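One structure is given here, and the rest of the page talks about it.
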Amino acid sequence: MDDFLLEMPKAELHLHLEGSVEPETLHELDPSTPVEAFRELYRYSDFDAFLKAFAEVGKRLRTPDDSALVTRRLLERLAAQNVRYAEIILAAGVVLWKGQDFGPIFDAVRGAAQGSSVEVRWILDAVRQFGVEHAMAVARLAAERVDQGVVAFGIGGSEERGPAEWFTEVFAFAKAAGLRLTAHAGETAGPESVWAALKLGAERIGHGIAAVRDAALVRHLRDCGIPLEICITSNLVTGVVKRLKDHPVRRLFDAGVPIILNTDDPAMFGCTLLGEYRLAAKEFGFSEEELRGVAENGFRYAFG
């Protein structure tokens with residue numbers, strides 16, 4: 001199985017650049033802080049603690065060169081796993097929150113991706129709890145770069161503190177600008193959050209595991225071919241799912257919902273895409289044929 005999984009071409013569609021930064025890389029960027037302090041930063045008691053840690057990592061990416069370095073390191077790790085295509089989520093909302101100029105940062109990461117064996121596209125992500133004006137600012141940044149590899153606009157952060165209903169006009173603007181649409185939903189909130197994201201026009205759902213609690217929603221996702229970006233280890237580490245055996249990935253798959261396996265924040269959750277496929281095989285009984293189909297979904301539902 002390991003040889004099969006490594007040799008199988010893979011795509012990753014739910015991958016945050018900031019969440020891919022290894023503690024050792026943070027130490028390289030800030031040698032005055034012991035690497036163990038960064039490892040401690042990557043230990044979370046709950047989802048809110050994870051969000052705070054994510055923001056802390058973002059603060060430590062101070063220059064465009066910092067962002068270029070972490071991009072190169074990420075793509076090296078993806079290439080080693082035979083990942084052929086990646087849609088990397090940039091926390092443009094965090095960049096704006098820090099008061100930085102997004103343009104040079106984007107130019108740096110885009111330049112760092114050139115020459116990689118991994119084909120890269122970009123998704124710009126707004127922090128939903130920061131509100132509508134903030135999200136519109138991120139959508140404008142994305143719209144300005146549709147001819148530079150930015151393929152989509154999305155919202156992340158706290159579902160409870162930033163309900164999808166706020167962002168109707170923002171998503172309409174992004175769609176009119178030629179961007180594809182995605183949203184984190186049904187991760188920490190219930191099925192109603194997924195319905196709300198779909199109403200906005202989201203074409204893919206980040207996580208979406210709460211959908212399993214609503215039979216009508218499961219049928220809708222299946223019948224309309226709307227994929228869920230499943231991140232098994234992420235859900236465990238943040239406490240969204242308490243026990244591995246309780247994760248609904250198998251139930252969603254068996255119900256006919258299109259799924260894609262992803263890492264979300266691989267460094268912050270201590271996982272790899274190869275490891276997520278291994279989990280699906282070992283813990284949830286996915287066969288080689290089934291995993292090949294899941295891998296193909298990564299290319300089928302790509303925005304690029």
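The values are calculated or read from the model by the stated rules, or taken from the named source; none is laboratory data. These figures come from a predicted structure and were not determined experimentally. With ideal geometry, Cβ positions are generated from the backbone for all residues, glycine too; neighbour counts draw on all protein chains shown.
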For segment 284-303, give me each residue that is crowded, with 18+ Cβ neighbours inside 10 Å and either outside any helix (DSSP H, G or I) or in contact with a Gly (Cβ under 7 Å, 6 or more places away or on another chain) (or both). Phe286, Tyr301, Ala302
Checking Arg180, Arg219, Arg204 in turn, the sole residue that is basic (Lys, Arg) and over 19 Å from the mean Cα position of the chain (by Cα) turns out to be Arg219
With the requirement that a residue be hydrophobic (A, V, I, L, M, F, W, C), buried (at least 18 other Cβ atoms within 10 Å of the Cβ) and either part of a loop (DSSP other than H, G, I, E, B) or out of contact with any helix residue (DSSP H, G or I) (no Cβ under 6 Å at 6 or more places or on another chain) (or both), what does segment 16-43 give you? Leu17, Val21
Quick count over segment 194-218, residues being more than 15 Å from Phe167 (Cα to Cα) and aliphatic (A, V, I, L, M), is 9
Over segment 96-120, the set of residues modelled with pLDDT of 95 or more and either within 17 Å of the chain's Cα centre (by Cα) or aromatic (Phe, Trp, Tyr) (or both) is Phe102, Phe106, Val109, Val118, Glu119, Val120
Only helices (runs of 4 or more DSSP H) wholly contained in segment 62-120 count here; list those with 2 or more residues that are of a type in the set (Ser, Thr, Tyr) and closer than 21 Å to Glu24 by Cα. 64-80
Could you tell me whether Leu75 is free of Cβ contacts under 8 Å to residues at least 60 places away in the same chain, surrounded by 21 or more Cβ atoms within 10 Å (Cβ to Cβ) and over 29 Å from Phe167 (Cα atoms)? yes
Please go through segment 250-283 and pick out each residue that is hydrophobic (A, V, I, L, M, F, W, C) and either closer than 16 Å to Ile226 by Cβ or outside any helix (DSSP H, G or I) (or both). Leu252, Phe253, Ala255, Val257, Ile259, Ile260, Leu261, Cys271
Would you call Val109 among the aliphatic types (A, V, I, L, M), touching a helix residue (DSSP H, G or I) at 6+ places or on another chain (Cβ under 7 Å) and under 24 Å from Asn235 (Cβ atoms)? no
Any idea how many residues of segment 78-87 are closer than 15 Å to Ala112 by Cα and crowded, with 19+ Cβ neighbours inside 10 Å? 3
Output the number of residues of segment 134-169 satisfying the condition of being touching a Lys or Arg at 6+ places or on another chain (Cβ under 8 Å), of a type in the set (A, V, I, L, M) and not in a helix (DSSP H, G or I). 4
Pull out all pairs, ordered by first then second residue, where Cβ-Cβ is under 7 Å, the residues are six or more apart or on different chains, the first lies in segment 170-193 and is of a type in the set (Phe, Trp, Tyr), and the second is assigned to a helix (DSSP H, G or I). Phe171/Leu200; Phe173/Met136; Phe173/Ala139
From the option list Ser45, Ser32, single residue qualifying as among the polar types (S, T, N, Q), more than 18 Å from the chain's Cα centre (by Cα) and farther than 21 Å from Arg62 by Cβ is Ser45
